[in-house]
Amino acid sequence: MSVTLRDSFGRGIEYLRISVTDKCNFRCLYCMPVAGLEWLPKSDILSYEEIAQVVSELAPLGLRRLRITGGEPTLRPQLEHLVGMLRAIPEIEDISLSTNGLRLPTLGRLLRQAGLDRVNMSADSLRLDRIRSISRRNIDFDPIAAATAAEDAGLSPIKINVVVMRGINDDELCDFARLTIEHEWHVRFIELKPVGEMRELTWEHVVPSEEVLRRLSEIAPLESAAGPARGNGPARYFRFEGARGTIGVITPMSHTYCGSCNRVRLTADGRLRTCLFGDDEVDLRSPLREGLPLEPFFRSALSSKPKEHHLLQMQVGGLRALSQVGG
Ligand code: SAM
Ligand code: SF4
């Protein structure tokens, strides 16, 4: 009998997104209210040892790829210790990090040395005034320097995720896209999703990916591309002729990728969520702290993984902000 972990629709689960904190040093317009959220009590948050335990019990069932996310994962002290513990689990082939990039220049090398393979950095503007107004933080941050630091640390591939918002940053589409000409970076334009407390943003701020592609192809023709070697997930990739990097679009609103979804999420407080947009979750923290084997809980979670999400039907009431579920 195969030990592969499959949901009730036969989808094998090989990819886990691990949220290590619900806190963040940014307050991105589309993600987190300025006042922050009601943070999880520290005692509810899984320790690094507990996270590694979950992964080591899932790995023999088919788990191969991990993404460390948040909130902002680099806020968690000594994140490199977690990376090292996950790297030591033999079945794990790929470990990536999602970050807003602010701490990449200081942490990139340490994380790489501990075994991190690659990084997805969020960047919604290349202009400091706008970076401050979108993140609602008075920070000094240069996304190009941060991506360069990650690249110099040996992290590869480098993906840069841009949430496109009409009238807020969509005049920078071409500037972001041009980065791929001389850098081997993969710039991915993400459609804004209607989650969390986005009082400042409405459906009118959503720029459909087809429009993004049309506008970019006015700079130069775009050809279909294979995308970076690892971890393509739900993106479609393109390239300007001769460019070193690629341009991707991620269209959660107008396409569904549910049929090929191979991912589950672990929240910072130890719940296994089987769909980003659903509310199904199974508590792993209690059995973990009681010393029980986790496999029956994984199986029960997967038996309720929904066939597809219902964003397009607008059944979005009560969705948790992405910072709470790991994006
Ligand atoms: N703090 C890290 C970061 O910003 O990359 C990791 C967590 S963040 C929640 C993960 C991803 O979710 C980011 O790429 C962010 O841009 C995206 N995200 C959050 N809220 C979103 C929304 N309402 N629409 C589209 N993307 C969103
Ligand atoms: Fe923080 Fe990332 Fe959410 Fe921005 S998108 S508020 S950086 S968790």
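The values are calculated or read from the model by the stated rules, or taken from the named source; none is laboratory data. On a predicted model such as this, the values are computed, not experimentally measured, just so you know. Positions of Cβ are backbone-derived with ideal geometry, glycine not excepted, and every protein chain shown enters the neighbour counts. Just so you know, the surface numbers come from the protein's heavy atoms only, side chains and all, with ligands and any DNA or RNA stripped out. Shrake-Rupley method; radii C 1.70, N 1.55, O 1.52, S 1.80 Å.
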Projected onto their principal axes, the Cα atoms of the range 48-132 stretch, largest extent first, over whole-Å spans of 47, 21, 19
Taking R0 as 56 Å and r as the Cβ-Cβ distance between residue 91 and residue 181, the FRET efficiency 1/(1 + (r/R0)^6), rounded to the nearest 0.05, comes to 0.90
Descending accessible area (1.4 Å probe), largest on the left, turns 158, 144 into 144, 158
Taking 208-220, 173-185, 37-49, 93-105 and ranking on average Cβ neighbours within 10 Å, highest first, one gets 93-105, 173-185, 208-220, 37-49
Residue span residue 25 to residue 132: 0.36 nm per residue of separation minus Cα-Cα distance leaves a gain in nm of 37.3 nm
Surrounding charge for residue 150, neighbours by C-beta under 9 angstrom, Lys/Arg +1, Asp/Glu -1, total 0
With all protein chains present and a 1.4 Å probe, the order of 290, 223, 172, 281 from largest accessible area down is 290, 223, 281, 172
Here, residue 210 and residue 140, labelled 7 Å along Cα→Cβ, have an inter-label distance in nm of 4.6
With label points set 7 Å from each Cα along the Cα-to-Cβ direction at residue 241 and residue 200, the distance between them in nm comes to 4.1
From most to least accessible, 1.4 Å probe, no ligand or DNA/RNA atoms counted, 50, 200 line up as 200, 50
Here the FRET efficiency for residue 223 versus residue 39, based on Cβ atoms and R0 = 41 Å and rounded to 0.05, is 0.35
Length gained, residue 156-residue 303, 0.36 nm per residue minus C-alpha separation, equals 49.5 nm
Between the alpha carbon centres of the range 84-146 and the range 154-228 the gap in Å comes to 18
The answer for residue 165, listing residues at least 5 apart or on another chain whose modeled amide H is closer than 5 Å to its amide H, is 170
Among the range 69-86, those whose backbone N falls under 18 Å of a label point 7 Å along Cα→Cβ from residue 49 are 77-86
